[in-house]
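Notes to accompany the following structure.
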Amino acid sequence: VEECLKVLLISDAIGLGIMEARPEPAWRARYNALRNKDLLAPDYGAMHVAAYLKAKGHDLRVINLVADVHDRRALFTEPPSDPQEISRSSVGEPRAARASRDYLFRCLREFDPEVLLMPISIYNMALYLRSLLSEIREACPDCRIITGGIYSTFHAAEILEDGAADIVVRGEGEIATAEILEALSDGGGLGSIEGISYRDGQGVFHSPGRRPARDLDSFPHPYTVSEEFNIKPRFDILSALIPDGDYIPGGGFLTSRGCPEACSFCLDPALNKGVTRFHSPRYVHDVVRFCSTSFPGGSFFFGDATFTMSRKRLGRILGLIGDLPYSYQIQTRADYLDDAITASLADCGFTTVAIGAESFNETILQRVVNKRLRVETIIAAARAVLGSGMSPVLTFIVGLPGESRGSIHRTVEILASNGLYRASFFPLVVFNGTALFDQFRRGVSAGEMERLRINPCSEEFLFTSDEYPTPEELTAFADEANLALLSAKPADL
Ligand code: B12
Ligand code: SF4
């Protein structure tokens, strides 16, 4: 890059949102492990983009609104307290949020960026982030503001209409962002760049979508920007504070992008259009080896939708990473698990396999979820995981249209009779981009939709129904199902 623009990437803005907006129930003492991950786990999507820009020679600075300011374990430690009470950890005090906010605006003044990159990925704090972007715009009126991430991808027009962002990157961000920076630095137009939206005069212009890159290995891995994202203190604190057996430790990497399925509640079908792309086993090995040297010990999470999809590739990955000093946790689909696969995972130091079960009601699973899996396949896969000495983690949705309370109680019985006690029930939450969100929106008025918004900062909605007419009833019944399974669990397990 000949003429380098001063580019600033803002990381951990979602953490600042959690500290300032304090959405319920994030600051309840009992959610401390989840909250610490939300505050400290790095934004992997933004790391991927930053890694690519760095490799291309851009002058990129990253500021971490949580990890640069609050990097000691003691700040995140929850003193013994009633689990229902509000957290008494130091990071929960108002002055902690103030310190992060002051840091943001001080950096903006001192660095005076020409281009600012801001991820808006998770729907949960999206409205907060949009309003923070407006404050940033006021502080940096001449800066070009670019946003990207999964929320931005599906809300480009709304974000641009706010007036704060200039450009939205839709979908995969590495190449598109580099092309934007090149165009801005050359004074060239944006018109030929695929996969972006921007304000053009009074209107909003959406360029055609970009085909995702064919060769994922051509991208540098996200940990090439570990210093910039202050990864070490994050992982040190998370590894020390995350409870034993937590299956998403906060450190990890996706060895593939995209899932071939089309479940109705999931964003993946709209993001990846049913296409799965893989990193090579050699690339995966290089990333894990890099991490095991830089951040030794603990557990590593492969967040792929379908980690075990290709048997041959899996065998090669396991052959390469088995000797590295980590234990591993994955998520995958039940149809990509059998006794041979689970035995090879267990031999290689894998400890936990998360499986999206969604529902043990066959009709709901096929017709409402579109899971394309039979209940018996899910149970068999979970039993195979258990039988190999690993821990299966099953997740279920409460509130799927047509599923009754009785059916959930039967699910709890099936789980208990198969010894599958690590399962969680989540209330049905829907968001734009999924098939279930379209169904939800057709059935509610605008006013009702507001009532069902999870919190004022969020663009996620609780899907109520005749069975669970209010958000409170839906969440209370999900809690009830979790408690019912817990109380069915034998004391010695
Ligand atoms: C690992 C992971 C986590 C980790 C790390 C999170 C993180 N911030 O990266 C942990 C465990 C902490 C986590 C927590 C949560 N997660 Co999570 N997580 C994932 C997972 C499995 C992988 C993320 C990843 O590595 N993606 C790979 C990269 C390459 O893709 P990407 O993020 O889309 O990024 C690309 C583009 O979007 C774009 N891009 C991204 N950022 C930016 C920024 C700019 C400026 C630009 C230009 C472009 C750009 O370019 C990137 C590279 O191509 C995804 C599922 C998935 N497949 O993405 C869920 C997912 C993102 N998580 C999800 C959720 C709901 C959560 C939680 C809210 C759960 C909870 N109840 O607490 C929290 C939120 C915490 C937080 N602070 O972010 C949902 C989000 C859906 C939604 N409604 O918002 C997903 C999609 C899973 C799902 N199917 O439901 N998660
Ligand atoms: S199998 Fe998992 S990742 Fe794939 S579409 Fe269904 S829920 Fe999404």
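The values are calculated or read from the model by the stated rules, or taken from the named source; none is laboratory data. Computed from a predicted structure; not experimentally measured. Virtual Cβ from ideal backbone geometry, glycine too; neighbours counted across all protein chains shown. Keep in mind that these areas ignore ligands, DNA and RNA; they rest on the heavy atoms of the full protein, side chains included. Shrake-Rupley method; radii C 1.70, N 1.55, O 1.52, S 1.80 Å.
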Report task. Could you tell me whether any residue of region 260-271 is farther than 20 Å from residue 38 by Cα and of a type in the set (Phe, Trp, Tyr)? Result -> yes
Report summary line: The correct count of residues that are more than 26 Å from residue 360 (Cα to Cα) and either surrounded by fewer than 13 Cβ atoms within 10 Å (Cβ to Cβ) or more than 27 Å from the chain's Cα centre (by Cα) (or both) in region 445-489 is 6
Query raised in the report: Can you name every residue in region 225-261 that is among the polar types (S, T, N, Q) and under 22 Å from residue 169 (Cα atoms)?
Result: 256
Report summary line: Residue pairs within 9 Å by beta carbon, gap of at least six or interchain, first lying in region 356-372 and under 16 Å from residue 382 (Cβ atoms) and within 15 Å of ligand 1 (Cβ to nearest atom), second open to solvent by 20 Å² or more (accessible area, probe 1.4 Å) and in a loop (DSSP other than H, G, I, E, B), listed first then second, are 356/266; 356/305; 358/265
Query raised in the report: Are any residues in region 374-422 part of a helix (DSSP H, G or I) and either hydroxyl-bearing (Ser, Thr, Tyr) or in contact with a strand residue (DSSP E or B) (Cβ under 7 Å, 6 or more places away or on another chain) (or both), and if so, which ones?
Result: 377, 378, 381, 382, 385, 386, 407, 408, 411, 415, 417
Query raised in the report: What helices (runs of 4 or more DSSP H), lying completely within region 1-63, carry at least 1 residues that are surrounded by 16 or more Cβ atoms within 10 Å (Cβ to Cβ), of a type in the set (D, E, K, R) and within 8 Å of ligand 1 (Cβ to nearest atom)?
Result: 32-40
**Report entry** Of residues in region 237-275 being in a helix (DSSP H, G or I) and within 12 Å of ligand 1 (Cβ to nearest atom), the one surrounded by the fewest Cβ atoms within 10 Å (Cβ to Cβ)
**Finding:** 270
Query - Selected residue (only one of 420, 394 is closer than 24 Å to residue 346 by Cβ, buried (at least 20 other Cβ atoms within 10 Å of the Cβ), within 16 Å of ligand 1 (Cβ to nearest atom) and free of Cβ contacts under 8 Å to residues at least 60 places away in the same chain) - result: 394
Requested in this report: Answer with yes or no whether residue 443 is in contact with a helix residue (DSSP H, G or I) (Cβ under 7 Å, 6 or more places away or on another chain) and small (Gly, Ala, Ser).
Outcome: no
Query raised in the report: Hey, any hits in region 108-123 for a residue that's open to solvent by 70 Å² or more (accessible area, probe 1.4 Å), within 24 Å of the chain's Cα centre (by Cα), within 16 Å of ligand 1 (Cβ to nearest atom) and within 30 Å of residue 479 (Cα to Cα)?
Result: yes
Query raised in the report: Residues of region 93-107 being closer than 17 Å to residue 21 by Cβ and open to solvent by less than 80 Å² (accessible area, probe 1.4 Å), which ones?
Result: 93, 96, 97, 99, 100, 101, 104
Query raised in the report: Given 357, 346, 305, which one is among the small types (Gly, Ala, Ser) and in a loop (DSSP other than H, G, I, E, B)?
Result: 305
Report summary line: Counting only strands (runs of 3 or more DSSP E) wholly inside region 136-236, the ones holding at least 2 residues that are within 20 Å of the chain's Cα centre (by Cα) are 144-148, 167-169
